[in-house]
Structures are given as structure tokens and as C-alpha cells.
1. Test of understanding: ordering MET397, MET1 by Cβ neighbours within 10 Å, fewest first, what list do you get?
2. Once you've got the Cα coordinates, tell me which of LYS8/LYS277; LYS39/LYS377; LYS73/LYS380; LYS277/LYS376; LYS356/LYS380 are over 20 Å apart.
3. Straight-line reach from LYS12: which aspartates and glutamates have a Cα under 20 Å away, not including same-chain ones fewer than 8 places off?
4. What 222 nm value per residue comes from the helices of the chain, counting each DSSP H run with n ≥ 4 as -39,500 (n - 2.57) and dividing by all residues, nearest 500 deg cm²/dmol?
5. Over the Cα atoms, compute the radius of gyration (one decimal) and Dmax (the largest Cα-Cα distance, rounded to a whole number) for region 151-231, in Å.
6. Using a Cα-Cα cut-off of under 20 Å, which aspartates and glutamates could be cross-linked to LYS349, ignoring same-chain neighbours fewer than 8 residues away?
7. For region 43-202, just list the percent of Cα-Cα distances falling in each 10 Å bin from zero outward, please.
8. Let's see if you can work this out: charge +1 on each Lys and Arg Cβ, -1 on each Asp and Glu Cβ, no other charges. What is the dipole magnitude of region 11-411 about its Cα centre, in debye to the nearest 20?
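Each reported figure results from applying straightforward, stated rules to the coordinates on display, with no laboratory input. Only a predicted model underlies this, so the values are computations on that prediction, with no experimental measurement involved. Using ideal geometry, Cβ is built from the backbone for each residue, glycine included, and neighbour counts are taken over all protein chains shown.
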Amino acid sequence: MLLHHLKKEDIKNILIYVCDSLRWDYTPQLIFNKGIGVKTIASSLYTAPSFPCLISGLYPNKTEVYNWQDTLKKELRGLFNFRGYNSSLWCETTWTDLPPWDSDLHHVLGRPLGISLKEIEEPFVYIEDDKGGHCPYGIDFGHYETFDQYYKEVGKYGNDELRTQYKKSIETSIHHFENRLQTLNERGLEDNTLVIFTSDHGELLGEYGGLVDHGRPPCPELIYVPTVFIHPSIAPEKIDSHIIRHIDIFPTIASLLNEQTTYTPDGIDLTNQDFPKSGMNFRIGGYFHPRTIFDRLTIYQALSIWDSNGGHSFQPLNKNISFAKFLFMLLSKHPEFTYFHEHLKYQSKNKLNDMKTILKTLTQPHYKYGQPSINKKEAKNLIDSQQQESLKFSEKMKIDRMVVKILKDKHV
């Protein structure tokens, strides 16, 4: 039981700081020195589907938020639905062309209020999305018109430079986080606030033949992120022999704040249950709804399951269709592969091998990473079971909404 020693009566407020795109293996020791840090399974491969999992304690196939055009249903906005708590989503360094209380992420999460940490009143649940390790690394959003412009420039210098810039970006985010801790200190809230430092997903930095950014494929660099629980009563410890999941954060907070959940989360309460054995990650569809028949026929999906030692990834799109799609994208110099092409020009020593590696990584129907404790068949069965469970959950939620509507209509 990870947080069994935390006293519920000591926790009045929650601060969740999401350092965007931060990998477990690039998390500074400075952060682990602040509390209990645990290797965490991200629930999806980019921000839009990942954040609802943090908020609700549900996997994406239950939140039904798969892209930037979907919105988390009102009854599933767990952390924002606690009665008597002031809640805030703050995006100061991410959507810099918009106010920090009115970002694209606010749309996905149902337009929660945005109140700064200096102004929010107790008791509160405050969540901040920081730029973290998101490209362009070490540079504010807006410096480049598109991300591929950044990758075209940095690709000339290779992976070492890319990773150096990534580290600088993380350092900047840590500085922002330290400022938030200082705000708590200045307001005298350190003793009654549980701080959770985490990330929504990891980041690729030239691995697998020259892949960068995030979104696909499900691999350790994108799946494993840190979660660090920080409170004066918590002694520092770094745990990588076990895992927790994004989906465990909501039920754990609900327990600490003595809040009842109106549905059964996929995650567990870390204050009274042992470490979970595995965690799943779902990427279903693109960044936006498919617009053409071709988009629908070639929609990307990736379902995977992980423990602390590795995982099994399944990419169900027909291998031949998938291969043709990504080969075309590579040869036509799609923006997703800008870094790869610049890397080919200036740094790659084996261009053909790099291309083969990319295609294999993105199109293989099954991929095993590391040494997971379960085999391929067991992994597939667990994922299929979760998929079936999600269908039952969706049906139940539809019925519940219909009942609520009928009761409201009768009342009116």
C-alpha cells in the first residue's frame, strides 16, 4: 500500500502538476528527492485522451475521449465534480495564444474553471498542464509556426542535440514547478496539500530509426512516466520495481478527501490496496475525427498492456494497409517524419535500416517490449476483457442518463 501512512485529516487540498511529455527515464533526481516517485503507465499516447483518464480514473474506451474534438461527459469529470471543492485547470505555458483558463484542453474536459494557484480558495483541487518536455524543446510555443519546422532545424544536429534540448525543456518546467511549491509555502498550505507531480505521456527522441514527438507507437519511451507524491509526511523514495497507472490517481484522491464516486473507476485506491500488476494504454483514432473514407479505412489504433519490466503492444490495422500507409507517408515526406528525413541527410549511417526499423515499429501487429510477466495470449485476453467491460459500462451510462432525463421531465 503506497500511501497508507498519509492521514486523511491532514489533506485538505490537491495540487496536480502535469509536466507534459516527460519520460520516466528523463525525470530529474531532484523531483524524486521530494517524495515517493513511482513508475507509471500512461493511459494514452497524447494529451487529449490521457488527461480525461487522470480526471476520471477510467481508460479511454470508457471516457470515450479519443481526440481533440471529443469532450468528457459531465458525469465522468471526477476530480472536477467534488462537492464543496474549488477546482481549477490552469494552462499557462501550453496554449500561449489563449488565456490560461480557456485552452483546447479546457474544451476536452468540459470547460472547467481556470483559477491561478495564488487565487484559488481552499479547499481546492488544482490541476496545471505545463509545457514540460513538449517540442519545441527549451523554446516557447509560437517561436515556430509548426512543429516540423523545429524538427527540420534540430534534425541537422542529431539525437544528442535533440536530447540536450529536451533536458533543458524539462529543467524549465521543474523551475515552474518549484514556483508552485513556493506559492504553497507563501500561503501556508504545505501541510494540508497533497502535491502530485506527473506527466500525461512520454516522448520519443530519435529512437526506432528516428521517431520523435509522441502519439505512436506504444513503446516504453511513451508509456512510462513518473508520478511523485509530495507531502511533509512522505519520505523520499524512488520505486521502479512496481507500477501505478494514471487511472489510480482519481480513486486515490477521492479516498483521501472522503468523496464518494458515482461510478466504478478502472483504477484503485493506493491508500489501502497493493500495487497493481499491470496497466493498459489505448490509442484509438487520430488527433481529430476522420474526414475522408481513406482516413476511416486507415485509422490508427494501438492497444497495449504493461508491467514494470515491459509490455505487449497490438496494432490491429491490417499489416499490408498499415505498411502502405506509413511507407507513403515516409516517401512523401509527411511532416510527422521531418526529423527522420533531416536525420537521414546529416546524421544517419544506415538509411535503409532506419527506414525498415520505423516501418516495423509502426506496422507490426504485435510487438513485445522488454520482459513482461505475461505472455502474448494472456495480454490479448486482458485487453479484450477490458474492451468488453467498456461496452457494458457505456450501456449502463446511457441508461443512467435516460433515467435522469425522464425524472427531470416528470419533475418539470
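1. MET1, MET397
2. Correct reply: LYS8/LYS277; LYS39/LYS377; LYS73/LYS380; LYS356/LYS380.
3. Output for LYS12: GLU119, GLU121, GLU122, GLU128, GLU186, GLU190, ASP191, ASP248, GLU259, ASP269.
4. My calculation for the chain gives -11000 deg cm²/dmol from helical runs alone.
5. Expressed in Å, the Cα Rg and Dmax of region 151-231 come to 16.4, 49.
6. Of all the aspartates and glutamates, those that pass the test against LYS349 - Cα under 20 Å, at least 8 places apart if same chain - are GLU153, ASP160, GLU161, GLU207.
7. 10, 34, 35, 17, 3, 0
8. It works out to roughly 1560 debye.
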